[in-house]
1. Quick one: angle between helix 154-174 and the longest Cα principal axis of the chain, in degrees between 0 and 90, rounded to 10, please.
2. To two decimal places, what compactness ratio does the chain give when its Cα radius of gyration is scaled by 2.2 N^0.38 Å?
3. Would you mind checking which residues have amide H under 5 Å from R6's amide H? H placed 1.01 Å from N; only 5 or more apart, or other chain.
4. Of the accessible area of region 7-101, with the probe set at 1.4 angstrom, what percent is carbon plus sulfur?
5. Using a 7 Å offset from the Cα along the Cα-to-Cβ direction at both I246 and M196, what is the distance between the two label points in nm, to one decimal?
6. Roughly how many whole Å is it from the C-alpha centroid of region 192-245 to that of region 2-16?
7. Along the charge dipole of region 36-75, Cβ charges K/R +1 and D/E -1, which of V63, G47, Y37 sits furthest on the positive end?
8. May I ask you to evaluate 6.51 cos²θ - 1.76 cosθ + 1.60, the Karplus curve with θ = phi - 60°, for each residue of region 93-109 and list the ³J(HN,Hα) values in order in whole Hz, giving x for glycine and proline?
Amino acid sequence: LMTGKRGLIMGLANDKSLAWGIAKQLREHGAELAFSYQGDALKKRVGPLAEQLGSDFLIECDVSDMAALDTAFDTLRSRWDTIDFVVHAIGFSDKSELRGKYVDTSLDNFLMTMNISAYSLVAVAKRAAAMMPDGGSILTLTYYGAEKVIPHYNVMGVAKAALETSVQYLANDLGPDGIRVNTVVPSWMWGPNVQMYCQWQASERGVEPEDIKNELASANALRAMAADTDVAESVMFFLSDRSSMITGQRLLVNAGEYFDT
Ligand code: NAD
């Protein structure tokens, strides 16, 4: 599906990252990959993972810093004239503000969360589009907390709503150049984030984390948790030519949570 295509994966931190499952599948389908990482500490982890997928193309990039983004795309262009896709798998907020109430969000954390988790897609899309003269595909990851109130998601939900709306505006702006912009929305997926959520909820409700996990799994239409491979399959669809006329879309993976807020 991806033979002859090359692109940038942003947001690989470790082998639990969604970006890892996505990168593995892209590679299996023939894509050539470059990876951006945030800071030296992560380079040590990202380097060996990239190597497993036949890539030595690592680029440092803190997406909250526009000069760093410019430098990162200059580095990308120094080896590749053009790219076919970008995976934006980046989000961040101060965890201490995710435990409490949304109403207590500080201005500093609101702006930081919006910058890193939402604006960064706009900044990346602008720079990536300049390297996509023959069109391309840009894909980000959002979450159901953009649409419904999910306990503890707080300001991240607001940032994801901005991110999802950005996908539509970017799709409209870049569509005339053949550049598609879409988002995959993983539902409850077993991994470090959901593990932490289960622990928080369990301690608040005086039950076991396993009980919360089972509750979450049974709240989906498919009565199961999604895995990173399920998310990666959907991402592959958006990055490949199989979705060549699809843009501005939001695809829920394992949707249908019956959350009562
Ligand atoms: P992760 O922690 O592995 O990935 C987040 C990445 O964001 C990390 O690589 C981190 O380095 C990067 N990042 C944070 N701040 C940055 C900055 N200033 N500059 C550059 N990079 C920065 O977690 P993940 O679960 O793989 O999350 C990837 C994306 O998927 C996020 O947008 C997340 O909100 C979304 N998502 C995850 C789930 C889930 O259950 N895991 C569900 C829905 C959506």
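The values are calculated or read from the model by the stated rules, or taken from the named source; none is laboratory data. As the structure is a prediction and not an experimental result, all values here were calculated from the model. Every residue, glycine as well, gets a Cβ built from its backbone with ideal geometry; the counts of neighbours run over all protein chains shown. Surface areas here come from the heavy atoms of the whole protein model, side chains and all, with no ligands, DNA or RNA. Shrake-Rupley method; radii C 1.70, N 1.55, O 1.52, S 1.80 Å.
1. Helix 154-174 sits roughly 30 degrees off the main axis of the chain.
2. Values: Rg = 18.0 Å, N = 261, 2.2 N^0.38 = 18.2 Å.
Cα-based Rg divided by the globular estimate yields 0.99.
3. Amide H to amide H, under 5 Å and 5 or more residues apart or across chains, R6 pairs with E32, D84, F85.
4. Working: 2010 of 4430 Å².
Roughly 45 percent of what the probe reaches on region 7-101 is carbon or sulfur.
5. 3.0
6. 21
7. G47
8. Taking θ as phi minus 60°, the curve returns 8, 5, 4, 5, 8, 8, 6, x, 9, 4, 4, 8, 4, 7, 4, 4, 6 Hz for region 93-109.
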